[in-house]
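To start, the structure under review is shown below, and the notes come after it.
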Amino acid sequence: MVVNLLGKPADELRAILESLGEPAYRGAQIYHALYRERRFDFAAMTNLPASLRKRLPQEVVIALPEIVRRYPSADKTVRYVVRLTEAKPARVEVVFMPEDDRQTICISTQAGCAVDCQFCLTAALGLKRNLSAGEMIGQVLVALEDNHAALKPQTNVVLMGQGEPLLNYDAVMGALGILLDPNGMAISPKHVTVSTSGILPAIERLAEEKVRPKLAISLNASSNQQRDQIMPINRKYPLEKLLDGCRRYPLRPWEWLTFEYVLLGGFNDSPDDARRVIGLLGNLRAKVNLIPWNPGQLPFERPDPVRVEEFRKVLLDKGMLAFVRHSRGQDVMAACGQLALLESVPGSTERRFSRALAGDSLEV
Ligand code: SF4
């Protein structure tokens, strides 16, 4: 099989070029061309000699994900369905969210997901496979390229698309190595966030990494009894163990842990829930993002906006940082918990399950 250079760390690119009989520094030049200059065609890598530019396509490839479909939202968010062809073919989603001074790109780390959170449409897909580091980096690159005419100076990347990032740890760390490398994509760790359902051993492993992103934990409940109902992973890593791991997590001076709390109307959105959340998080350097449930095909209610504000006020009154985050791209099924390869028609209420959810294969 032809080697895909995308997602390989700089030292591996050097080794590959050496194996082709070229000087090792040619690998570093390709790394620079890929991630600093975003050139994906060997012919455009003008830092390489012409003879090598001509030879490389016969030896190796740069396989970017292919955009299969774009779903532009009324709020300027774009949900992409991309086709991946490394290993078993698969489709995943990438979400591009432009703002005044930056863009945020939400990428997938697995095709589907095995964690089975009850409020998340991705769970219905089951796990198809892990993505490689190159397939994750490739999602960032295609989203940037597709919007290159309107890019802002700052890019944020969140690993919150399909999949549980910490169950694909090595490939995720490979992708982060390039995203956070000053000689690679050069994105600050302050602008890259990994979100987890709470895979405790992997959180402990991440705590030991020299280079790491920010960490967000998907909390979504105020007690074990409640969390067990919507996040089966809680039976394996219950709140007291998970939060103990969070207390031991070595935060950098600028860093806060983020706890995401999807508010499900009538289920976890009462003032008593808010008080219990304070009891759980009170002694952590933490902020809470409250995400009102996005209506979809699942049997939960959108929370009453008054209750959302009451919930936030209980947290604020106890000195806890709390924000209400309204998910973007809801009209094109790009919002939190909605990524399941659904087809949607922008501007209309028509949403229907794709073949994948109807039980067909995701293979393309
Ligand atoms: S919320 Fe995240 S971890 Fe849970 S099922 Fe959805 S994709 Fe998987």
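The mean sequence separation of alpha-carbon pairs under 8 Å and at least six residues apart, normalised by the residue count of the range 14-56, gives a relative contact order of 26 percent. Taking square-rooted eigenvalues a ≥ b ≥ c of the alpha carbon gyration tensor, is the chain rounded, prolate or oblate, where a/c under 1.5 means rounded and, failing that, a/b exceeding b/c means prolate? Here the chain falls in the prolate category. Taking amide H atoms as placed 1.01 Å from N in the peptide plane, the amide H of residue 195 lies under 5 Å from those of 159, 216, each 5 or more residues away in sequence or on another chain.
Taking every alpha-carbon pair under 8 Å whose residues sit at least 6 apart, the chain reaches a relative contact order of 16 percent.
Sites listed here are trypsin sites (Lys or Arg not before Pro) in the range 202-294 whose DSSP assignment is loop and whose Cβ has at most 16 other Cβ atoms within 10 Å: 210, 285.
Candidate cross-link partners of residue 210 among the lysines, defined by an alpha-carbon separation under 20 Å and a same-chain spacing of 8 or more, comprise 8, 190. Here's the list of aspartates and glutamates a cross-link from residue 318 could span, going by alpha-carbon distance under 15 Å and ignoring same-chain residues fewer than 8 apart: 272, 273, 309, 310.
Label zone (residue 102, point 7 Å along Cα-to-C-beta; backbone nitrogen cut-off 11 Å) within the range 170-193: 188-193. So which lysines pass the test for residue 128, namely a Cα distance under 19 Å, with those fewer than 8 places away in the same chain ruled out? Those lysines meeting the cut-off are 88. Rounded to the nearest 10 degrees, the angle from helix 169-180 to the longest Cα principal axis of the chain is 70 degrees.
Does the range 1-109 come out rounded, prolate or oblate, given a ≥ b ≥ c as the square roots of the eigenvalues of its C-alpha gyration tensor, rounded meaning a/c under 1.5 and, failing that, prolate meaning a/b above b/c? Here the range 1-109 falls in the prolate category. When only Cα pairs below 8 angstrom with a gap of at least 6 residues are kept, the range 51-169 shows a relative contact order of 26 percent. For the chain, the longest principal axis of the alpha carbon atoms and the long axis of helix 10-19 meet at an angle near 30°. Within the chain, antiparallel bridges make up roughly 45 percent of the DSSP beta bridges whose residues both belong there.
None of the figures in this text is laboratory data; all of them are computed from the coordinates on show. From a predicted model like this one, the values you see are computed outputs, not experimental measurements. Here the Cβ is made from the backbone with ideal geometry for all residues, glycine too, and neighbour counts use every protein chain on show.
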